[in-house]
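To keep things clear, I will list the structure first and then write my remarks on it.
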Amino acid sequence: MAAPASSRPRISVDGKFFRLGESKFFVQGLAYGPFAENGNGEPFPLPAQVAKDFAQIRELGANLVRVYHVPPRWFLDLAEQHGLKVMVDVPWAKHICFLDGEDTRSAARSAVREAATACAMHPAVFAISVVNEIPSDIVRWSGPARIAAFIEELIEVVKAVDAECLCTFANYPTTEYLHAQNVDFICFNVYLHHQKPFENYLARLQMNADAKPLLLGEFGIDSIREGEARQAEILRWQIETAFRGGVAGAVVFSYTDDWHKGGRHVNDWAFGLTTRERQPKPAFAAVSDTFKAAPYFPLHYSPMVSVVVACYNGERTLKTCLDSLERLNYPSYEVILVDDGSTDSTPQIASLYPKIRYLRHDNLGLSAARNTGIQAAQGEIVAFTDADCRADEDWLYYLVGDLVNSRFTGIGGHNFLPPEDSWIASAVMVSPGGPAHVMLTDRVAEHIPGCNMAFYKWALDEIGGFDPIFRLAGDDVDVCWRLQQRGYKIGFSPAGFVWHYRRSTAQAYLKQQKGYGEAEALLVRKHPEYFNSFGGSIWQGRIYTPARIGIVIRPPMIYHGAFGSAFFQSIYTAAPSMWLMLLTSLEYHLFITIPLFVLGTVFTTLLPLGITSLLVSVTLCVAAAVQADIPKKKRQFWSRPLVALLFFLQPIVRGSARHQGRLLLNQAPLSAHETLDTLDLKHQGKNFEVVQYWSEKGIDRMDFLRRVLEQLDKDGWQNKTDAGWSAYDVEIYGSRWCNLQLVLASEAHASGKQLLRCRLRTAWSLLAQIVFCTTMAIELLLIGVVGPVRGLVFVLVLSLVSFIWLLYSEQRDLQRIMAVFLDKVAKQAALTKIELPAPEKKPAAAQEAQKP
């Protein structure tokens, strides 16, 4: 006895795909109709003919039919008997200016409600499309925002009848700019007959779909104009291209040439895979063969992949992670679990997975753990995910497939909130600072998150792997930037996704943001060209994240074409303006809010300004919480207040960690680098701004720089090399008070001899600049309040001069120590130190070598 319809499994959304029960459901569909009315007044063939059609459709390999009228119950029952799902388009008067009259809006609502009621809870129903292809001039007349709001209203009508029914609306390129926020998946009708434009447009649609599944709701070829052979050829590559591109399904238009529209049979178009008499065309066999291979078309090349999971005390989610990695749909891969000195039950959990390679070392940090995995990797590609992630079973299939079919050196993908995660995690997800990808184009990424990324192993070896100074975060950003600086490109795979468990408490989230701030301090030193003066990162691309991190001031612009005639009408949304969010930053509170409150205790007229300043920040955080897209099933009474609180605290915690890292970076004092050689030079009064070395055989300048960098790392000097934007070769962070910039120049002389000049230019550190400016401001304030008291002015000036003398002495000491350091490197390279009595006088050896 069949189970009641309401108890049978129904199609659900699962990340970028659909799922039916425990298995993924890839739509392989055909458009069915529209047809002329049958003898019972129904816009479908009679039941006997429908049963024959369904049998032939199943023979083709399809699992869904898309219909353009609300089907009667017998139709849905027949579909269920034949193992077919039905996607229902609801017809109503979309071709008129329906928003201009309440009667037309009411008629549309009624039509959608009746369709939802007729289809409610039936297991054959895949989804309801509340409207199909609204004419662009109608949208232009009423305005995209009003049209989108009405579509959202119609979807709510369906959900009120059947909350579990999937809903969408069928869009097309002419109204590409039309977006409804509450659709369960994105549905697009696309008719493009050339492969490259078809691939490019799919990539664009995937970016527009973002975290939702993409369904190609219609695509097809007219066999009258293109010919039957051409129809078969195009449909074959279209289906394969679509599924390789990560679509959740594809619906071919159409099953038969028996097509009725506008009260008459359509005779001058033949999109069907069969004739009116249901005789198969060549396209029938082509689609049948391609559907049988779909959705997993063999990869052109399936290199060995090493999946590296770095874990530190990740017992809460590690088992879920490893379970998912054992079920990957990829022919050749290994999993390497690197235990970064965990103190929890990580070793015991790892012992349950004998097929997974388990490596353990002391707690050295995230980058070191990933480097351990790279060194042990046997694969041509190294993929990375985290212990708090659960990989989709097709993760590697799409990730590697997109990588090997491109010229990318690395690739990444989405990371989604798992449906089983907590309501606090969902609030964390829509709060600022979470892992996100940054896109330069529809395919090229500027940054991919470390929880979902893969690179060719040779590329990681070329850049020396991950930088061990990044212990908690920032390693993925650094690797992406270093690869891009070498001219390599990083791609994005929309279908290669993982589920990423967020922090389960507010305290854990803020601790994570503190770690991100510390990582940013390190990134600022290593990649200053990517940061503004406050230490905030400057991205060239668009950031894709569930959190609303900025406010768009300029309205989006839509390209309609002349008189709204363009076939492709695209929206160009202005980048979010971040200046308003500066009013929630740590700097804003330090320099505006707090001073106003402090001065308000003395000058009471300033106190209201301080209160207003704080209220502005709080208001922005509340506004961000109100507009946050929290999943409905995860919303609690405290969700939005928690998001508002996290929006307020996150920039303070992350900013303080970033500035603390920049100003108080743990550095050994200069005295720790003193040696007998450096101390011998301390009181000789020499100028160490320029040091020079002579080579009888010549030495490559880049080779000498390489030696310098190796010795700096060996001796524990923090440094940053030029990335192509600086006027120096290496910047060395000598102490908290000063830095040194090293510039090399090579003079070629006769007989292959060479003079190597090294300029040692020192500068105040950021901390020194802040202390000096703050001291100066306080002294001027004291003089202004107390008055020009002679003794006070003398003491203040003396303290300032003393501080400047301290900085000058620190700079001289740094030059002296680095000069001895360079002498050591030069000696190892068999270079001769040239002592100059005066900077402008050349050494005798150099003068002699310059003679003809």
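Identify the trypsin sites (Lys or Arg not before Pro) of region 353-456 meeting these criteria: DSSP loop state and at most 15 other C-beta atoms within 10 Å of the C-beta.
K355, R407
Could you give the angle, 0 to 90 degrees to the nearest 10, between helix 144-161's Cα long axis and the longest principal axis of the Cα atoms of the chain?
60
For the chain, find the longest principal axis of its Cα atoms and tell me its angle to the long axis of helix 47-60, 0 to 90°, nearest 10.
40
Would you work out what percent of the accessible area of region 157-235, with all protein chains in place, is carbon or sulfur (probe 1.4 Å)?
Using a 1.4 Å probe with all protein chains present, region 157-235 comes out at 51 percent carbon and sulfur.
State the label only: which of [x] 29.4; [y] 28.2; [z] 31.4 corresponds to Kirkwood radius over Cα pairs in Å computed from the shown model?
It is the one labelled [z].
On a 29 Å Cα-Cα criterion, which of the cross-link pairs K24/K633; K355/K633; K526/K634; K319/K720; K457/K634; K682/K827 come out too long?
K355/K633; K526/K634; K319/K720; K457/K634
Per the helix-only calculation at 222 nm, which mean residue ellipticity applies to the chain, given -39500 (n - 2.57) for every DSSP H run of n ≥ 4 and division by its residues, nearest 500 deg cm²/dmol?
Mean residue ellipticity at 222 nm (helix-derived): -12500 deg cm²/dmol.
Using protein chains only and a probe of 1.4 angstrom, how many square angstrom of I770 are accessible, to the nearest 10?
Near enough 70 Å² of accessible area.
With a 1.4 Å probe and all protein chains in place, put Y516, Y544 in order of accessible area, largest first.
Y516, Y544
How much accessible area per residue does region 431-486 have, counting only protein heavy atoms and a probe of 1.4 Å, in square angstrom? Walk me through the intermediate numbers first.
On the way: 1730 Å² over 56 residues.
Normalised by residue count, the accessible surface of region 431-486 is 31 Å².
Quick one: which of 649-660, 190-201 comes out on top by average Cβ neighbours within 10 Å, and what's the full order, highest first?
Packing proxy ranking, top to bottom: 649-660, 190-201.
What order, most packed first, do the peptides 36-44, 56-64 have when packing is the mean number of other Cβ atoms within 10 Å of each residue?
Result, highest mean Cβ count within 10 Å first: 56-64, 36-44.
Run the accessible area of region 577-701 with a 1.4 Å probe and give the carbon-and-sulfur part as a rounded percent.
Carbon and sulfur atoms account for 68 percent of the accessible area of region 577-701.
Just to confirm, what accessible area per residue do you get for region 234-343 at 1.4 Å probe, in whole Å²? Mind dumping the intermediate values first?
Values: 4170 Å² over 110 residues.
I get 38 Å² per residue for this part.
The values are calculated or read from the model by the stated rules, or taken from the named source; none is laboratory data. What you see is a predicted model; the values in this text were computed from it and never measured. Here Cβ is always computed from backbone atoms with ideal geometry, including for glycine, and neighbour counts include all displayed protein chains. To get the accessible areas, we keep the full protein, side chains included, count just its heavy atoms, and leave off ligands, DNA and RNA. Shrake-Rupley method; radii C 1.70, N 1.55, O 1.52, S 1.80 Å.
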